[in-house]
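The structure appears below as structure tokens.
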Amino acid sequence: MGLAGMDGSDAPDEVLLMAYGQGNSHAARELTRRFVPRLLAYATRLLGGDRAEAEDVTQEAMLRLWRAAPGWRAGEAKVTSWLYPVVGNLCTDRLRKRKRQGDWPEAEPESGQPAVDEEMGHAQRLQALDQALAALPERQRQAVVLRHIEGFSNPEIAEIMDIGVEAVESLTARGKRALAALLAGRKEELGYDE
Amino acid sequence: MTSDDKDLDDLFALARRSRTDVPEALSTRVLADAVQAMPKRVAPQVVQRPAARRTPLGLGWLQASGLVAVGVMGVLIGVMNPLISGEFGNDAYSLSDLMPGFQDVLTDEAEG
């Protein structure tokens, strides 16, 4: 399948992937532009902020996608439903390895920071969110990020995580409660009213 | 919705809006992998016809055979025509002119 009549930016992911599978390098560039930022952000959050490792995971996931392209069939799966579990599994492997090596960075919220009196900047708020996310159990973190940041629906998350929709609802609900508890003590610091 | 939920939703919205800067080096690595893993386009097979053999004159064997055949036919016509018609130019030749004594042989056989 080609990209006749379009520059690739309008083409669905699956069409682009099949075009790449037939040797179209423009399709590779467009897929890279679409997915690398999202996967990098997702992997960074799953890995508790380890950017270097998140880059490796992103590269590895994209490499697996390139290799899967020639066998890709139209209507078989969504590229996102295929890629996100790959990233999730790669992150899980690295987290387990880290744990075995006792190299687990504690994601304690930075308390006692001299909060700027008025308002925290966006970057600081995001940092606080990522620190709280990093403190969640791995599956809760994954479900919350997929639901509330990546914007997937519960059935899509169920497919990505290979669990039932009810389990997804349970994980996201517990994850949100835990996040709220983790951030409760920082409300003033984050610029929210008590 | 509690204020906790609202604050959390604000944070999520902020995270969704925030752009992740992708290092140039990572994009380069990903694209290099893409190029390396890219299936090669299947080039249409060009069927090479065997080079036509040429005679020393630069003609193909077919043309050369045709020329030879035409030549042979020309010679045959040239040789056979006088015999068939019994004429060379405007002069008339009888069988006895061409084969002297042949008539005598025929006569002797008839008498004997």
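Taking 29 Å as the cut-off for C-alpha to C-alpha distance, list the pairs among A:78/B:6; A:78/B:40; A:99/A:176 that go past it.
In this structure, A:78/B:6 exceed 29 Å between Cα atoms.
Once you've got the GNM for chain A with C-alpha springs shorter than 10 Å, pick whichever of A:174, A:34, A:139 has the biggest mean-square fluctuation.
A:34
At 7 Å along the Cα-to-beta-carbon direction for both residue A:78 and residue A:52, put a label point, then send me their distance in nm to one decimal.
Once both label points are built, they end up 3.5 nm from each other.
For chain A, what is the accessible area per residue in Å² when the probe is 1.4 Å?
Here the per-residue accessible area is 49 Å².
State, to one decimal in nm, how far the label point of residue A:34 lies from the label point of residue B:27, with both points 7 Å from Cα in the Cβ direction.
Here the modelled spin labels are 1.7 nm apart.
The values are calculated or read from the model by the stated rules, or taken from the named source; none is laboratory data. Here the structure is a predicted model, which is why all the values come from computation and not from measurement. When we count neighbours, we look across all protein chains shown, and the Cβ atoms used for this are built from the backbone with ideal geometry, even at glycine. Calculation scope for accessible area: heavy atoms of the full protein, side chains included, ligands and nucleic acids excluded. Shrake-Rupley method; radii C 1.70, N 1.55, O 1.52, S 1.80 Å.
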